[in-house]
1. Those residues that are free of Cβ contacts under 8 Å to residues at least 60 places away in the same chain and within 20 Å of HIS229 (Cα to Cα), I need them from the range 247-261; list them, please.
2. Give, as residue ranges, the helices (runs of 4 or more DSSP H) completely inside the range 178-244 that count at least 3 residues that are modelled with pLDDT of 95 or more and over 16 Å from VAL278 (Cβ atoms).
3. Here are some residues: PRO46, PRO80. Which one is more than 29 Å from GLN252 (Cβ to Cβ) and away from the ligand (no atom under 14 Å from the Cβ)?
4. Hey, can you tell me all the residues within the range 39-64 that are in a loop (DSSP other than H, G, I, E, B) and either surrounded by fewer than 23 Cβ atoms within 10 Å (Cβ to Cβ) or in contact with a Ser or Thr (Cβ under 7 Å, 6 or more places away or on another chain) (or both)?
5. Restricting to the range 271-318, name every residue that is surrounded by fewer than 24 Cβ atoms within 10 Å (Cβ to Cβ), farther than 19 Å from PHE341 by Cα and more than 19 Å from the chain's Cα centre (by Cα).
6. Between a residue in the range 294-307 that is β-branched (Val, Ile, Thr) and any residue that is crowded, with 24+ Cβ neighbours inside 10 Å and in a helix (DSSP H, G or I), which pairs come within a Cβ distance under 9 Å, given they are 6 or more apart or on different chains?
7. Within the range 329-358, can you find the residues that are more than 22 Å from LEU285 (Cβ to Cβ) and either in contact (Cβ under 8 Å) with a residue 24 or more places away in the chain or buried (at least 18 other Cβ atoms within 10 Å of the Cβ) (or both)?
Amino acid sequence: MSVEGIAAKVRSGGRVDGVEALELYRQGSTPLLGRLADEIRARKHPEGVVTYIIDRNVNYTNVCVAKCTFCAFYRPVGSPEAYVLGFDELFRKIDETIAVGGVQLLLQGGHNPDLPLTWYEDLFRAIKQRYPAFKLHALSPPEVIHLSRLSQLPVGAIIDRLTAAGLDSIPGGGAEILVDRVRRLLHCDGKATADEWIDVMRHAHGAGLRTTATMMYGTVETDEERVEHLLRLRALQDETGGFTAFITWSYQPEHTELSGSEATGVDYLRTLAIARIVLDNFDNLQASWVTQGGKVGQLSLAYGANDMGSVMIEENVVRAAGASYCMDEAEIVRNIEDAGFTAKRRNMHYEILGEPIFREREIPRMLELAVAREGGDTSLPAELSVYPARSRAGKRLQRARNAELQEGK
Ligand code: SF4
């Protein structure tokens, strides 16, 4: 079918197949893709509201055994730069988040062999005990799989135990491109194959959890593989209806083993638009201002996005790979309103919580995103001694720590 024919099909509310999506993605002009995506956004959200959430993006550990080649964030077990956040540090971060109107933590981390399932359960319970209304949007599918392997329990049992401890929803991280050829090249098929990632989401949706879905593009994949990724998400959404939103961002190459260059802003807008066109069963698409910057983030609202994502407060992962954009609530709202939309706060379920908080009360301006820990602090939290380490380096550290405690240090 010609590009014009496919565009007419999209305009009449028809569903594009893989061949049509690829033709449109490759041959459609950028303004055409934008117009089609914007029309879908307007059909799904006719009230002209663009949402955002105030939450905090916390990475509880940077220790990871997965070693994806596109990742600049992780440190190997035993690294002098390795860290694990303590429960008290996480409580402080939650206090700071609540102080600026935040409603949840987006909690993700490396695959640390020295943190057993009970550490996560105890953490989640402790958070829910102190902050009963605060939400935990936590642990991407590869982290769930890591815990399943570590605990020798099926994925379903891990999700049930984490939910019983306080897990509210699952972020769609670790999807990269859901094609195993790409995953093998990125050395991330070991942490989760495409089928395994989908299977965790299927389990989560079956257990009543809502999740998001993501796509990191711009590494080694082809255009066909980007489209295949979108089709896999659409098929699961047809089956379960459990995804609340889709977020795409471009690979950030600095300090990574894979290296290379970053995709352009135009490529981002085209990819966002084709996602809006293919994912006809997703209600919400987020703008990724943290990798694209505020201006392209704002332009995303004309290319299919109806949500500005998170105020975020803290970010460690894409910053490690060179992206360092920061927007506080006032800046996000300004970008939304300058684009002609009404800004509203939401929760993870995309339920409207209200007007911008900074208009209701004094909120300090935030000019820089916080980091997990200041100044490379790698001190071990006291409670870690309760959880038996699995790695050799972890055991060595734990012995040293216990000896210090016995000596009353
Ligand atoms: S992307 Fe995640 S799983 Fe892969 S190395 Fe980085 S922290 Fe580990």
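1. Filtering the range 247-261 for residues free of Cβ contacts under 8 Å to residues at least 60 places away in the same chain gives 248, 250, 259-261.
Of everything in the range 247-261, those that are free of Cβ contacts under 8 Å to residues at least 60 places away in the same chain and within 20 Å of HIS229 (Cα to Cα) turn out to be THR248, SER250.
2. On the way: elements: 180-185, 194-206, 223-240.
Because the criterion is at least 3 residues that are modelled with pLDDT of 95 or more and over 16 Å from VAL278 (Cβ atoms), the helices (runs of 4 or more DSSP H) in the range 178-244 that meet it are 180-185, 194-206.
3. PRO46 is the lone residue from the list that is more than 29 Å from GLN252 (Cβ to Cβ) and away from the ligand (no atom under 14 Å from the Cβ).
4. HIS45, PRO46, GLU47, GLY48
5. ASP280, ASN281, listed by residue number.
6. Going by the 9 Å Cβ cut-off, the qualifying pairs are VAL296/TYR268; VAL296/TRP289.
7. Residues satisfying the conditions are ALA330, ILE357, PHE358.
Residues checked against (1) out of contact with any His (no Cβ under 6 Å at 6 or more places or on another chain); (2) within 16 Å of the ligand (Cβ to nearest atom); (3) at positive phi; (4) not β-branched (Val, Ile, Thr):
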site	(1), (2), (3), (4)
TYR60	yes, yes, no, yes
CYS64	no, yes, no, yes
LYS93	yes, no, no, yes
ILE127	yes, no, no, no
HIS146	no, yes, no, yes
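The values are calculated or read from the model by the stated rules, or taken from the named source; none is laboratory data. Note that the coordinates shown come from a computational prediction; the quantities given were computed from them, not determined experimentally. Because the Cβ atoms are built from the backbone with ideal geometry, glycine has one as well, and the counts that use them run over all protein chains shown.
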